[in-house]
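Student: Structure incoming, see below.
The values are calculated or read from the model by the stated rules, or taken from the named source; none is laboratory data. Worth saying up front: this structure is predicted, and the values here are computed from it rather than measured. Cβ coordinates were reconstructed from backbone atoms using ideal geometry, including for glycine residues, and neighbour counts include every protein chain displayed. Heavy atoms of the whole protein, side chains included, go into the accessibility calculation; ligands, DNA and RNA do not. Shrake-Rupley method; radii C 1.70, N 1.55, O 1.52, S 1.80 Å.
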Amino acid sequence: LWLSVYGFTPDNTLFANATCRDEINTRSVQIFADHWGEDFKLAGLGGYPSAGLTGFLAYAHHMPDAGNLFILYGSHVGVSAEGVLGRVQRSGMAHESGSCGALLSLLDKLTRTPRYTVKEDPLDAEQNTLEKALLASAADVLGAQDPLLTLTERAFDVIDDVLRRIIERAAMTCPVALLGGITFNTPGSFDDCFVPYRAEVLNAGGQAGRRESGLSELTSA
Ligand SMILES: [Zn+2]
């Protein structure tokens with residue numbers, strides 16, 4: 001509904017997502033992919049746009065002629081049946097497990113070693129990149145009332161910033177719709193809850209993008 005106002009249709013729009021590769025997010029992303037027809041994957045662990053400029057340019061080059069780009073992105077966190085953040089019961093598992101595992105891993109390292117620094121490991125490139133981008137927020141996170149919630153918000157900020165810098169560097173002139181937020185993964189058969197932080201169309205009609213925010217109905221766009 002939101003994007004149809006801007007002339008976006010499944011035929012003229014190529015969808016992509018920059019959300020954590022955790023399979024728990026598949027169901028939410030698939031709702032968008034089913035509607036828009038395709039799904040280019042821009043992100044790795046934590047939702048960090050690790051496909052980078054090269055990946056984004058590949059995505060952009062696959063766009064329909066005179067078309068549009070639409071990117072769903074952001075961080076995620078589990079919520080248990082008891083309301084505990086970071087834990088969620090996945091289908092087929094009797095016990096709860098962590099979500100987002102990448103952020104929980106970083107939080108664990110920061111809690112044990114407040115001056116934790118990232119050691120580069122070619123076998124762990126995605127986690128290294130995500131952690132390096134979030135280390136600047138370590139003090140804020142550790143001092144927060146709910147460290148995981150704050151880390152999840154900082155992760156959104158990082159993903160939002162990196163994605164927008166990539167788009168700027170790619171010098172896109174076509175309309176680019178951005179729908180960013182935090183996904184709360186819920187147990188069992190409950191639908192995940194997506195809280196939008198940014199809903200914006202860049203280059204809409206050749207004009208500078210206009211910003212709307214806090215519109216929860218956008219998730220049905
Ligand atoms: Zn994750």
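Student: Determine the pairs where a residue that is farther than 11 Å from P187 by Cα and more than 13 Å from the ligand (Cβ to nearest atom), located within region 81-100, has a partner that is open to solvent by less than 80 Å² (accessible area, probe 1.4 Å) and of a type in the set (F, W, Y) with Cβ atoms under 9 Å apart, the partner being 6 or more residues away or on another chain.
Tutor: Listed pairs, sorted by first residue: L85/F184.
Student: Condition first: within 16 Å of the ligand (Cβ to nearest atom), at positive phi and not in a loop (DSSP other than H, G, I, E, B). Can you find one or more residues in region 34-56 that meet it?
Tutor: yes
Student: Just to be sure I understand, how many residues within region 161-176 are in contact with a Gly (Cβ under 9 Å, 6 or more places away or on another chain) and either under 20 Å from W2 (Cα atoms) or assigned to a loop (DSSP other than H, G, I, E, B) (or both)?
Tutor: So the count comes out to 4.
Student: Additional query: Could you tell me which numbered condition S50 fails, if it satisfies all but one of (1) surrounded by 17 or more Cβ atoms within 10 Å (Cβ to Cβ); (2) closer than 14 Å to L179 by Cβ?
Tutor: Condition not satisfied by S50: (2).
Student: Got a sec? Which of L149, L178 is touching a helix residue (DSSP H, G or I) at 6+ places or on another chain (Cβ under 9 Å) and of a type in the set (A, V, I, L, M)? Can you show your working first?
Tutor: Numbers: L149 fails: touching a helix residue (DSSP H, G or I) at 6+ places or on another chain (Cβ under 9 Å).
Result: L178 is the single residue among L149, L178 that is touching a helix residue (DSSP H, G or I) at 6+ places or on another chain (Cβ under 9 Å) and of a type in the set (A, V, I, L, M).
Student: Filter region 101-116 down to the residues that are within 16 Å of the ligand (Cβ to nearest atom) and either in a loop (DSSP other than H, G, I, E, B) or out of contact with any strand residue (DSSP E or B) (no Cβ under 8 Å at 6 or more places or on another chain) (or both) and list them by number.
Tutor: Here is the first cut: in region 101-116, the residues within 16 Å of the ligand (Cβ to nearest atom) are 101-109.
G101, A102, S105, L106, L107, D108, K109, listed by residue number.
Student: Could you say whether any residue in region 115-138 is β-branched (V, I, T) and free of Cβ contacts under 8 Å to residues at least 12 places away in the same chain?
Tutor: Checking region 115-138: not a single residue is β-branched (V, I, T) and free of Cβ contacts under 8 Å to residues at least 12 places away in the same chain.
Student: Here is a further query. All but one of (1) assigned to a helix (DSSP H, G or I); (2) in contact with a strand residue (DSSP E or B) (Cβ under 9 Å, 6 or more places away or on another chain); (3) not acidic (D, E) hold for V88, so report the exception by its number.
Tutor: Here V88 meets the rest and fails (1).
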